1. Can you pull the accessible area of residue 106 for me, 1.4 Å probe, Å² to the nearest 10?
2. Starting from 0.36 nm per residue, how many nanometres of slack lie between residue 187 and residue 213 once their C-alpha separation is accounted for?
3. Give a residue-ordered list of calculated ³J(HN,Hα) values for the stretch 145-156 (Karplus: 6.51 cos²θ - 1.76 cosθ + 1.60, θ = phi - 60°; whole Hz; x for Gly, Pro).
4. For residue 96, list long-range residues whose amide hydrogen, built 1.01 Å from N in the peptide plane, is under 5 Å from its own amide hydrogen.
5. Once the other residues with Cβ under 12 Å from the Cβ of residue 100 are scored (Lys, Arg +1; Asp, Glu -1), what is the net sum?
6. Which sequence of 143, 89 reflects their accessible areas, 1.4 Å probe, from the largest down?
7. Starting from the stretch 63-136, pick out the chymotrypsin sites (Phe, Trp or Tyr not before Pro) whose DSSP state is loop and whose Cβ has at most 12 other Cβ atoms within 10 Å.
8. As an exercise, use a Förster radius of 41 Å and the Cβ-Cβ distance of residue 29 and residue 198 to find the FRET efficiency, rounded to the nearest 0.05.
Amino acid sequence: MSITWFNYGPEVIKVEEGRDAVLPCSLSTKEDIESKVFDWKKDGQNEVFMYDAGIHYNNGRTGQDEQFKGRVSHFHDELKNGNASIIIRNTKMADSGNYTCIFPHLQPSQMFHLQLAVGAAPEPYISMWDVTDFGVRLKCAVRGAFPQPKLQWQDSDGNLLRAEEPQISERGGRYDVTLQTTVTKTETNRFHCVVKQEDISHMIDANITVPDKLFEDTCSRVEVTEWLLGGFALGVLSLAAVLAFLVATKRITIGSNKGFLQRRNGPSETPLNLPA
């Protein structure tokens, strides 16, 4: 039996866990397949959904893998247009894998191949975390992603920004990742958090624009800090000068007292040894 392979639509179907996933499969000829057979398998062996001239796993046909029972359906009204796509509801991490859709009785037989990645990172959540003397701190967070995503902060021109070490936690194979950075005023004040999952060729980002006022507050805090530090330094210098003056005054006083005592008592008299 000869088989014709097709890459239909996106190579990878990416979906957040718990969402529904549509796996596309259609004949380019749009031939009516209501009386045909098509079969969906996962990883080449697990039965996902089989349709045979109106009989399928949801109306009496047996043999469906336990993992997919009650969660997979087709688009009945689209069969007349050659559409054998299916929808998997309430996706789970275990649904990730390689899927094939095959029309075994067509000449030549046709097979469509795609990959489903459940747990693709959703759009990250960005927040302004704090205002410090050094700038505005931004936080980017991703929850429940698989595989583990890599986060980056970029400016509006796509330049990579320095960031702190990411905070990573794992629960049941899913990852929560948080990345913080401190930014200073730019021409646009717009910053991007980019989330990458290279294993499934997935990338998503979100952006935030920081109000000018926050950077003004930062400058004000820096000025106040510098003023306080300058005042402190001036105070230290003044105190040092006062102490130096007091020490010098004390030394002068002590020296004057010694001179006064010497003048008052006169020179010490040493007895002379006269001859007998």
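1. 30
2. Between residue 187 and residue 213, full extension yields an extra 8.0 nm.
3. Working through the residues one at a time gives 9, 8, x, 4, x, 10, 9, 9, 9, 9, 8, 5 Hz.
4. 118
5. Details: positive: 41, 42; negative: 39, 43, 47.
In short, -1.
6. 143, 89
7. Numbers: sites: 68, 75, 99, 112, 125, 129, 134; in loops: 75, 134.
Counting only loop positions with at most 12 other Cβ atoms within 10 Å, the chymotrypsin sites (Phe, Trp or Tyr not before Pro) in the stretch 63-136 are 134.
8. Numbers: r = 37 Å, r/R0 = 0.89.
The pair residue 29/residue 198 has a calculated efficiency of 0.65.
The values are calculated or read from the model by the stated rules, or taken from the named source; none is laboratory data. Just so it is clear, the structure is predicted and the values come from calculations on it, not from any experiment. Cβ: placed from backbone, ideal geometry, glycine included. Neighbour counts: every protein chain shown. What goes into the accessible areas is simple: the full protein's heavy atoms, side chains included, and nothing from ligands, DNA or RNA. Shrake-Rupley method; radii C 1.70, N 1.55, O 1.52, S 1.80 Å.
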